[in-house]
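The values are calculated or read from the model by the stated rules, or taken from the named source; none is laboratory data. Quick caveat, the model's predicted, so the values are computed rather than measured. All Cβ positions, glycine included, derive from the backbone under ideal geometry; neighbour counts span all protein chains shown.
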Amino acid sequence: MAHLNTARTLTLEAFADTIIPGEKRFDDDVAIAGAAPGPGAVAAGAMELLQTPATGVTAGLEHLADALNGHAQAYATELGITLRQPVPPFVELSFADRTALVQRLLTPGHPEKEGWVLLALFSNMAYDSAAHMHTTDAIAAGHPGLLAMGFSKPDVDGLWRFREHSYGRPLARRHPDTTPSGSPA
Amino acid sequence: MIESTDVLVIGSGFGGAITAYHLAAGGANVVVLERGPWLAGADFEHDYLLGSSYTRVFDFVAGDGMSVLSGNCVGGGSVVYFAALPRAPRFVFERQGSIGRRMWPASISRETLDPWYDRVSESLQVEQQTWDDVSYAGGLWAAACDHAGRTANPVPVGIDRAKCTNCNWMMAGCRFDAKRSLLFNYLPAALSHGAQIRPLHEVQRISRTDTGYRVHYNLVDEEDYRIHHGGGEIDAAIVVLAAGAGATPVILQRSAEQLGPMPDAVGRYFSGNGERLNTAVVNEQRVREVLGLSRGDGLAYEANQIGKGPMVANWDRLDGSLPEYSRFSLEQLYFPPGLGTILAQAADATGPTWFGVDKKEMLARWKSWLIIFQMTEDDNEGVFGPPPPTGNAYRISQQMLGRGSLRYDPTPNTLRGWAEADAEVKDILERDGLAKVTPWTNDVVGAYTVHPLASCRIGDDPKTSALDDRHELRGHPGIFVTDGSAVPGALTVNPALTISALAERAIPGIVAAARERGVNVEYDGTLPVSSTKTGALS
Ligand SMILES: Cc1cc2nc3c(=O)[nH]c(=O)nc-3n(C[C@H](O)[C@H](O)[C@H](O)COP(=O)(O)OP(=O)(O)OC[C@H]3O[C@@H](n4cnc5c(N)ncnc54)[C@H](O)[C@@H]3O)c2cc1C
């Protein structure tokens, strides 16, 4: 895993938490805003996934974290928000302001949009696919995203099979012009 | 000395496999170069971990206004696809699209293509499903259509239904050998006739020799596709491009420097098959009350995860008497988490729709999602920019994700078709409080297609078609294109059977061209004997 300093880690955690928000891990958790109940992208492993070189974003993380703080500083100045805390500017923003800023960065036409889309994509995938883990391990470990979505458990051999899969009865009339091969005419 | 062969095929999807089989069966020496790995059976994992079969066999190229998903392995799209195999409706062949005249060659209509559809349907073993095969999700879509006074059809499929476990891992390759991909028919038959298939060989460009063509490739690292290990060249009398509609035009663009100017239509007229997706979040109680559906275990639905891709389609709007751009099909399907969730938008969100608090709540109801896939008529508005240094994208991730040069700016016609399809889905699924429906956002990676078409198309008009009606590249005799890029435009249904029928139809012409160049090959029209019973290709 690539090494990120604390400030950059907090910044990227705060970004991932804006994509899929979650509850704070501990009382004075500054990265996670606590905007939604239950674990979010960070608890689901966003930092592990972003620091997996196979993603192709790992080498750019330091730059993205610094750029995000640059944008946060400019955003704060624009809105007359005074930043005082000893934490990075993006982390100091409220959840509403983080969201508003991230929305701007992800808007079609923003010159840096592609980088932010990648960051958003992998933050999301940490939560809804656990792409940094074997899916069977993720399920066994109670991965919070897959659990929240209700992703079912595999059979003992680690493969999924659904024996019950059909209502088993006709539920609509066929299109009158269907050909004998089952295609549209 | 440079290696040489009679026929060099680029890509091993539908267009490549069908050509490779017939040319090899007819006696030609055939080499197939495929950029992706060669996987089969137990290699196909149920795993979202980066580096598993799911990311190895899949290709996602983000463009400007359009992202293209396709296969990246021996067997191409047939390995990752959902195997829904309908024929295109009659009116599709009469379309004019953006050019003010019939876009298909005069020699092709549904009647003239039907015999070729018959042949590929036999080879791919297309079957009709019964209502017992239809998944809960397909059943729900059917019942909702029926409730709204519409019809709904179980779609014909290339799946061995007895082997299918409804695991919905089709996009990672079928672990249970139930999907009748090209690994079970055309490709093993081609091998048995002596064709060679070389995985991890990515073709970059074509140049000319005194007697034919030279194909230049790089060797791709088996784990990190961003890394290449040198390359080589092969000479051939005939070159068949079948790299898929997202890749074939790029190889030709890169070859123009040495081959000479390309027809204007190379890399233009790209169609995403008018594709668009909607996600419905279903109200379980209303499904029970209004539609009377019950799984028998206390649940009405909650079955998004269960099934085999698309099961049931609504074809009421495949009506040739409607104006162009108002005709479409609506097909229930399953997309896995990640690719299938990121673009879904939360209904009635107060903040952002595709991320944030409301989206997280929507994800919590994932079991009650129903995805509807719309195939409309678009306007062939996609254009490829200058090619990247290698392949068809700057690869970002080790596998799967890259950035390509396709630009797609939907015209008012395309937008109208999407809007009409959205309205139809809403009318069916929001009736009586059954569900809340939203379209996928186009703001993140543009529109999204798994059906790239038409970027190097057949036609009668040299100005708007890159290929003649025999699939030969205009101005470059001996180069043929048999993949989805040859299809003139959106089909309003899933395209693989049409791509395959066109490839079958092109074979006699390719055989004749090979014979003219002194290749000892014949066309006898035999079809591959299915190897489903004898086991998979490996
Ligand atoms: C998730 C998904 C589901 C789908 N479901 C359906 C469905 O249910 N029904 C349907 O009809 N269609 C479906 N499709 C679409 C279908 O798979 C494609 O239309 C079809 O595979 C296209 O065939 P083709 O011959 O044009 O190219 P492909 O099948 O894409 O084959 C092209 C091959 O060329 C290789 N290649 C690319 N560039 C190079 C290069 N430079 N050198 C060497 N090799 C190269 C690729 O790796 C690939 O193997 C689906 C597609 C996806 C992605």
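Remarks
Conditions (1) of a type outside the set (Lys, Arg); (2) in contact with a Leu (Cβ under 9 Å, 6 or more places away or on another chain); (3) closer than 17 Å to B:Glu34 by Cα, marked per residue:
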site: B:Ala172; (1), (2), (3): yes, no, no
site: B:Ala190; (1), (2), (3): yes, yes, yes
site: B:Ala195; (1), (2), (3): yes, yes, yes
site: B:Arg198; (1), (2), (3): no, yes, yes
site: B:His201; (1), (2), (3): yes, yes, yes
site: B:Ile206; (1), (2), (3): yes, yes, yes
site: B:Thr211; (1), (2), (3): yes, no, no
site: B:Glu223; (1), (2), (3): yes, no, yes
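- Annotation note: Cβ proximity below 6 Å between a residue of the range B:230-257 that is in contact (Cβ under 8 Å) with a residue 12 or more places away in the chain and a residue that is away from the ligand (no atom under 11 Å from the Cβ) and part of a helix (DSSP H, G or I) (sequence gap 6+ or interchain) occurs for B:Ile238/B:Ala514.
- Restricting B:Ile99, B:Ile159, B:Ile108, B:Ile197 to those that are within 22 Å of the chain's Cα centre (by Cα) and away from the ligand (no atom under 16 Å from the Cβ) reduces the list to B:Ile108.
- Close pairs from the range B:500-521: first within 14 Å of chain A (Cβ to nearest Cβ), partner more than 14 Å from the ligand (Cβ to nearest atom), Cβ under 7 Å, at least 6 apart: B:Ala501/B:Leu113; B:Ala501/B:Trp116
- Residue check for A:Asp157: modelled with pLDDT of 95 or more, over 28 Å from B:Glu331 (Cα atoms), acidic (Asp, Glu) and exposed (fewer than 13 other Cβ atoms within 10 Å of the Cβ): yes
- Scan of the range A:1-47 for residues that are among the polar types (S, T, N, Q) and exposed (fewer than 15 other Cβ atoms within 10 Å of the Cβ), ordered by number: A:Asn5, A:Thr6
- Subset of the range B:94-107 (residues that are under 14 Å from B:Pro323 (Cα atoms), surrounded by 13 or more Cβ atoms within 10 Å (Cβ to Cβ) and out of contact with any strand residue (DSSP E or B) (no Cβ under 9 Å at 6 or more places or on another chain)): B:Glu94, B:Arg95, B:Ser98
- Taking the criterion of being more than 8 Å from chain A (Cβ to nearest Cβ), touching a residue at least 12 places away in the same chain (Cβ under 8 Å) and part of a loop (DSSP other than H, G, I, E, B), the residues of the range B:144-158 that qualify are B:Ala148, B:Gly158.
- B:Gly230 satisfies every condition listed in (1) modelled with pLDDT of 95 or more; (2) at negative phi except (2).
- Only one of B:Ala245, B:Ala265 that is modelled with pLDDT of 95 or more, more than 15 Å from the ligand (Cβ to nearest atom), closer than 25 Å to B:Leu406 by Cβ and away from chain A (no Cβ under 14 Å): B:Ala265
- A:Thr82, sole failed condition from (1) free of Cβ contacts under 8 Å to residues at least 12 places away in the same chain; (2) touching a helix residue (DSSP H, G or I) at 6+ places or on another chain (Cβ under 6 Å): (2)
- If you filter the range B:122-135 down to residues that are more than 14 Å from B:Asn153 (Cα to Cα) and buried (at least 22 other Cβ atoms within 10 Å of the Cβ), you find that the one that is nearest to the other protein chains (Cβ to nearest Cβ) is B:Val126.
- Matching entry among B:Arg457, B:Arg474, B:Arg416, B:Arg470 (being surrounded by 19 or more Cβ atoms within 10 Å (Cβ to Cβ) and among the charged types (D, E, K, R)): B:Arg457
- Residue in the range B:481-490 that is modelled with pLDDT of 95 or more, away from the ligand (no atom under 12 Å from the Cβ), farther than 30 Å from B:Ala313 by Cβ and away from every other protein chain (no Cβ under 14 Å) present: no
- For the range B:372-385, residues that are out of contact with any helix residue (DSSP H, G or I) (no Cβ under 8 Å at 6 or more places or on another chain) and either within 14 Å of another protein chain (Cβ to nearest Cβ) or surrounded by 24 or more Cβ atoms within 10 Å (Cβ to Cβ) (or both) total 3.
- Selection from the range A:99-115 of residues that are closer than 16 Å to B:Thr353 by Cα and either more than 10 Å from every other protein chain (Cβ to nearest Cβ) or not in a helix (DSSP H, G or I) (or both): A:Leu101, A:Arg104, A:Leu105, A:Leu106, A:Thr107, A:Pro108
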